[in-house]
Structure formats: structure tokens, C-alpha cells
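The values are calculated or read from the model by the stated rules, or taken from the named source; none is laboratory data. Bear in mind that the values here come from a model prediction, so they are computed numbers and not experimental data. For neighbour counting, all protein chains shown are included, and Cβ atoms are generated from backbone atoms with ideal geometry for every residue, glycine included. With ligands, DNA and RNA removed, areas are computed over all heavy atoms of the protein, side chains included. Shrake-Rupley method; radii C 1.70, N 1.55, O 1.52, S 1.80 Å.
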Amino acid sequence: MKLSSQAQAFVLHFGEMGSRWGFNRTVGQMFALLTIHSEPVNADQLAEALKISRGNVSMGLKELQAWRLIELHHQPGDRKDYFTAAGSIWDLARTVFEERRKRELDPTLTLLRQLLLTEPGDAQEAEAQKKIQEVYSLLEMLDQFANTLSKLDEKDLLKLMKLGSGLSKLLDLKSKATGAGSKAGAKKVPTRK
């Protein structure tokens with residue numbers, strides 16, 4: 001399988017981004033290739049296109065399956081396993097978000113709950129527990145917001161995202177109208193255009 005220069009640039013970039021999303025460079029490249037390729041791809045084709053070992057491909061496919069980002073397919077008369085991205089771009093983004101939440105946010109909330117159940121032994125621990133409670137409250141609120149977002153369909157999510165940029169502008173106008181923006185030390189909310 002030969003990649004166009006545009007496809008190759010996309011795949012290489014997503015390999016670099018993979019480490020920021022919770023998986024390694026090779027897995028990021030495999031995911032990118034499966035995302036943009038319209039036909040199911042087998043492990044040999046992935047290894048050839050990305051110039052990586054078959055063993056590396058096998059491990060990467062297992063990881064992508066664990067993340068629920070790829071689907072397994074079989075071709076009539078062919079014993080090889082073929083793979084595609086598991087759904088639309090929106091489905092994939094939602095899955096990455098849900099998996100990161102399960103792997104990162106849920107364990108953190110569990111730990112913070114346990115820490116908050118412990119009675120502070122002195123004033124210093126009591127003060128630390130107040131800060132832990134603030135972190136817990138913020139993360140709990142983010143978790144509830146994320147849960148709400150994950151239930152929205154693509155159209156409603158797009159509307160909300162567009163509303164978000166408009167809301168920022170509205171808050172900026174309100175700030176200017178009430179004079180809050182001109183007070184010394186007040187922070188101006190940056191807006192995107």
C-alpha cells in the first residue's frame with residue numbers, strides 16, 4: 001500500500017499526537033491510516049505502508065481494539081483479519097474521550113473520594129482537605145458535563161460548539177457593558193474570530 005504525500009503527512013502528524021492522547025507514536029500512525037483509508041486493511045498492509053514490523057502492528061492493533069477504535073472484518077475467501085476505524089470521526093472522538101475518562105478521570109475521582117473520607121488529623125491536613133475538596137468538586141462537575149456531552153448526537157454537539165464561541169463573545173460584550181473590563185486588574189476574556 002502506497003501513501004500519498006498528503007496521507008503520509010497526516011499519518012506522521014497523528015503519530016506524534018498519539019502520545020498526547022494516551023497511546024504511542026506507532027499506534028497513533030496506525031489509527032490515522034485506518035481512519036483515512038476507505039477500505040479495510042490487514043496487518044501486512046499496515047506494516048508495509050508504515051514501514052514497521054509485523055509484531056509492532058499486531059501489538060498496535062490489540063491496543064486499538066482495547067480502546068474500541070477499530071473494528072475487525074473478514075473478507076470472503078481470505079483468512080486474514082482486516083480492520084477499519086470504528087465509526088465516524090465524531091464516534092471516534094467520543095470513544096477516545098470516553099476511554100480517557102475511564103483511564104484517567106475515574107481513578108482520580110475514586111482516590112479523591114477516599115482521601116475526603118479520611119478525618120483530618122490536624123489543621124494542616126484540614127487545609128489540604130479543603131483544596132482536595134475543591135479539586136474533587138471541579139473534576140466531578142467536569143465529569144457530569146462530559147457525561148452530558150457524550151449523550152448528545154452529532155447535530156446537537158455541533159450546535160453547542162457553535163454556541164460556545166458565540167457565548168464567549170456575548171460574555172465579553174456583557175463585561176464591556178458593565179464596565180468590568182475597564183476595572184484595574186480585571187482580566188479580559190479572549191475571543192476567537
ask   = Do any helices (runs of 4 or more DSSP H) entirely within the stretch 64-179 hold 3 or more residues that are touching a residue at least 40 places away in the same chain (Cβ under 8 Å), and if so, which?
value = 89-100, 123-151
ask   = Which one is nearest to K151 (Cα to Cα), of the residues in the stretch 74-131 that are exposed (fewer than 14 other Cβ atoms within 10 Å of the Cβ) and of a type in the set (G, A, S)?
value = A93
inquiry  = Here is a list: M17, M30. Which entry is in a helix (DSSP H, G or I), modelled with pLDDT of 95 or more and of a type outside the set (F, W, Y)?
reply    = M30
request  = Check S38 against each of (1) of a type in the set (G, A, S); (2) open to solvent by less than 60 Å² (accessible area, probe 1.4 Å); (3) outside any helix (DSSP H, G or I) and name the one condition it does not meet.
outcome  = (2)
remark   = Exactly one of L152, L112, L138, L142 is farther than 23 Å from V96 by Cα and of a type in the set (A, V, I, L, M, F, W, C), and that residue is L112
request  = Being among the β-branched types (V, I, T) and open to solvent by 50 Å² or more (accessible area, probe 1.4 Å) is the filter here, so list the residues in the stretch 46-73 that pass it.
outcome  = none
query = Within the stretch 84-107, is even one residue of a type in the set (F, W, Y) and modelled with pLDDT of 95 or more?
reply = no
